[in-house]
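Readers should treat all values here as calculations from the given coordinates under stated rules, not as data from a laboratory. Quick caveat, the model's predicted, so the values are computed rather than measured. Counting neighbours? That spans all protein chains shown, and the Cβs are built from the backbone with ideal geometry, glycine included.
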Protein chains: 2
Amino acid sequence: MTTISAGPGAGAEPAGARHVKRPQPLRESVYEALTEMIIDGTLERGRHLVEVELAGLLGVSRQPVREALQRLNNEGWVDLRPGFGAMVHVPADDEVDQLLAARAALESESARLAARHASKDDVAKLRDLCKVGTTYQEAGDIDGTVRTNGELHSLITQMSGNRFLVDFAAQVDRRVRWYYTPVAPVRGAASWREHNRLVKAISEGDEDKAAQIMREHTEHTRKAYHDLQAATEPGTAAPDADATPRRRRRTTT
Amino acid sequence: MTTISAGPGAGAEPAGARHVKRPQPLRESVYEALTEMIIDGTLERGRHLVEVELAGLLGVSRQPVREALQRLNNEGWVDLRPGFGAMVHVPADDEVDQLLAARAALESESARLAARHASKDDVAKLRDLCKVGTTYQEAGDIDGTVRTNGELHSLITQMSGNRFLVDFAAQVDRRVRWYYTPVAPVRGAASWREHNRLVKAISEGDEDKAAQIMREHTEHTRKAYHDLQAATEPGTAAPDADATPRRRRRTTT
DNA sequence: ACTTGGTAGACTGTCTACCAAGTGCCATGA
DNA sequence: TCATGGCACTTGGTAGACAGTCTACCAAGT
């Protein structure tokens with residue numbers, strides 16, 4: 001059922017101030033539902049999204065859908081063409097590159113600040129995530145690996161204590177998560193070894209080292225993506241970044 | 001007159017493909033009108049914004065205003081309190097710090113990439129902006145100085161060729177421009193000397209140097225802000241970041 | 001074969017009206 | 001003085017309407 005459940009709001013509250021459950025605005029739920037559907041491929045790239053259609057699908061009126069679509073547009077998930085409608089964004093060839101370059105800058109700085117401010121508690125959590133992620137990776141659970149990877153990176157940016165870095169990195173990470181899934185199995189073990197080194201640097205408060213490792217980590221990911229790209233379709237040099245659906249990989253077997 | 005003119009859309013088209021002027025969606029015009037009013041102080045910090053009020057003021061209906069307000073909320077210009085309305089965001093004490101830290105990361109990376117990709121044309125434009133900015137600064141034209149400062153930084157990020165860096169940096173820069181105005185006269189000459197060194201490094205293609213200068217540049221700005229803060233109100237140590245309006249500086253004399 | 005003109009359908013952008021629920025404020029009362 | 005109750009206000013969401021625009025398609029003319 002794709003109908004929106006009156007969702008119990010995301011639970012990322014500060015420990016002490018426990019507010020009673022406040023129902024999320026509908027547009028928020030719609031936004032989340034749509035990103036989820038985009039990420040998991042229910043809404044394929046390039047697909048024309050019609051407001052009333054989505055409204056019917058989710059059991060709400062046009063307004064919340066519009067508002068969600070506009071936010072998705074601002075964040076680059078869909079492209080809004082005036083007078084026509086929204087299309088699920090089709091990533092250009094160089095987009096992953098640029099995304100990872102931006103991530104490198106954001107997360108490298110975050111890692112530096114995280115190393116500066118790291119508390120014992122944080123470090124413990126990081127170690128835990130490393131362990132969990134490695135386990136998933138060894139078990140071949142791709143979804144789990146990618147998710148844990150996201151959580152680890154997210155925690156590090158949060159440790160930076162800089163709300164702007166957190167915000168931007170969160171946006172970038174979700175996008176990366178969208179493109180990244182096929183890369184995960186290739187990077188696999190190496191990625192989590194790097195995570196371990198990174199956590200070590202942070203726990204030792206070594207800012208420069210943490211920043212450096214994070215930068216290399218992202219760089220390796222980019223390389224892996226390119227290699228995979230080259231291997232999957234050799235002989236595509238011309239950058240025609242238009243409505244060529246190419247192949248669509250599904251991770252949900 | 002605050003009524004929205006049927007604005008002629010931003011003109012950042014590629015040179016060859018000259019599209020006929022297409023009227024912007026209303027929400028876009030509303031968004032721009034509101035940010036402008038926030039930046040120039042027409043809408044003071046902490047002010048309660050009511051949808052119908054703004055709608056009347058701008059001569060449109062609630063709908064475009066709502067959509068604009070939500071975007072402003074997402075970008076941190078206003079705080080949306082459900083059931084009550086929007087308040088113009090009141091920056092917390094540490095916010096400028098965080099903003100400048102984020103900017104340091106983003107623009108330092110941009111400067112690096114700009115140095116890598118710089119064309120002759122770009123460098124010429126940079127030199128021009130430096131000259132203009134210095135002139136403004138010497139003439140004591142604060143508005144002009146701040147604006148040119150923004151244009152210079154904006155051009156550098158655009159030269160990076162990374163749309164995400166451009167996007168994030170643009171957001172940060174507008175916010176900085178909002179907070180920054182009081183700092184401009186203090187920083188003055190030194191700031192533009194640094195700009196000159198930066199442009200030189202970029203023109204020579206020295207990536208590391210460009211990145212380094214940009215980082216220091218931002219760092220100096222932050223220091224200047226702190227000094228000004230300390231000078232203006234000595235003896236404020238406790239970080240109570242709530243509805244204390246403190247003093248409000250107006251730049252529009 | 002190619003261009004032009006016309007037609008039709010679909011969808012967005014915007015407006016209006018309306019209702020329910022939540023929030024802040026103020027006066028009342030203990 | 002402090003809690004309570006109530007009122008006015010504002011948003012969040014729904015529904016319906018209408019103009020403008022975009023796409024596609026077909027037919028006629030060159």
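Beyond 24 Å, what share of the Cα-Cα pairs of the range A:41-170 is found? Please give it as a whole percent. Don't skip to the end; give the middle numbers.
On the way: 4134 of 8385 pairs.
Pairs farther apart than 24 Å: 49 percent.
So what is the diffusion coefficient of the range A:177-230 in µm² per second by Stokes-Einstein at 25 °C and 0.890 mPa s, using a Kirkwood Rh over Cα pairs?
Details: Rh = 11.8 Å.
For the chosen part, D equals 209 µm²/s.
Which of the lysines could be linked to B:Lys209 by a straight reach, that is with a Cα gap under 29 Å, when you skip same-chain ones fewer than 8 residues away?
Of all the lysines, those that pass the test against B:Lys209 - Cα under 29 Å, at least 8 places apart if same chain - are A:Lys209, A:Lys223, B:Lys120, B:Lys125, B:Lys131, B:Lys200, B:Lys223.
Expressed as cubic angstrom per residue, what is the convex hull volume of the alpha carbon set of the range A:54-93? All intermediate terms of the calculation are to be shown ahead of the outcome.
Details: hull volume 3.1 nm³, N = 40.
It comes to 76 Å³ per residue, whole-number rounded.
As a footprinting exposure proxy, order A:Ser119, B:Ser110, B:Ser203 by other Cβ within 10 Å, with the fewest listed first.
Numbers: A:Ser119 9, B:Ser110 29, B:Ser203 17.
Taking fewest neighbouring Cβ atoms as first place, the list is A:Ser119, B:Ser203, B:Ser110.
Cut-off is 10 Å between beta-carbons; in what order do B:Arg81, A:Arg147 appear when sorted fewest neighbours first? Please report the intermediate quantities before stating the final value.
Details: B:Arg81 11, A:Arg147 15.
So the ranking, lowest neighbour count to highest, is B:Arg81, A:Arg147.
Say a label goes 7 Å from Cα toward Cβ at B:Asp227 in every copy; what distances in nm does this one have to the rest, shortest first?
Inter-copy label distances (nm, one decimal, shortest first): 5.0.
Just report the Cα centroid separation between the range A:26-47 and the range A:149-202, whole Å.
Each part's Cα centre sits 22 Å from the other's.
Neighbour counts of other C-beta atoms within 10 Å: give me A:Thr232, A:Thr134 arranged from fewest to most.
Details: A:Thr232 12, A:Thr134 19.
Ordered by Cβ neighbours within 10 Å, fewest first: A:Thr232, A:Thr134.
Give the nm distances, rounded to one decimal, from B:Lys131 to the matching residue in every other copy, measuring between label points 7 Å along Cα toward the beta carbon; shortest first.
Ordered by distance, the counterparts are at 6.5 nm.
Can you compute 3J(HN,Hα) from phi for each residue in the range A:160-166, using the Karplus curve 6.51 cos²θ - 1.76 cosθ + 1.60 with θ = phi - 60°, rounded to whole Hz and x for Gly and Pro?
Values per residue, Gly and Pro as x: 5, x, 10, 5, 6, 4, 4 Hz.
Tell me the relative contact order for the range A:17-167 as a rounded percent, counting alpha carbon contacts under 8 Å between residues six or more apart. Please list the in-between numbers first.
Numbers: 122 pairs, mean separation 28.5, N = 151.
Computed over the range A:17-167, the figure is 19 percent.
From the label point of A:Glu75, set 7 Å from Cα along Cα→Cβ, how far away are the matching label points in the other copies, in nm, ordered shortest to longest?
1.6
Measuring from a point 7 Å past the Cα of A:Glu138 along Cα-to-C-beta, which residues in the range A:188-202 have an amide N at less than 18 Å?
Label zone hits: A:188-197.
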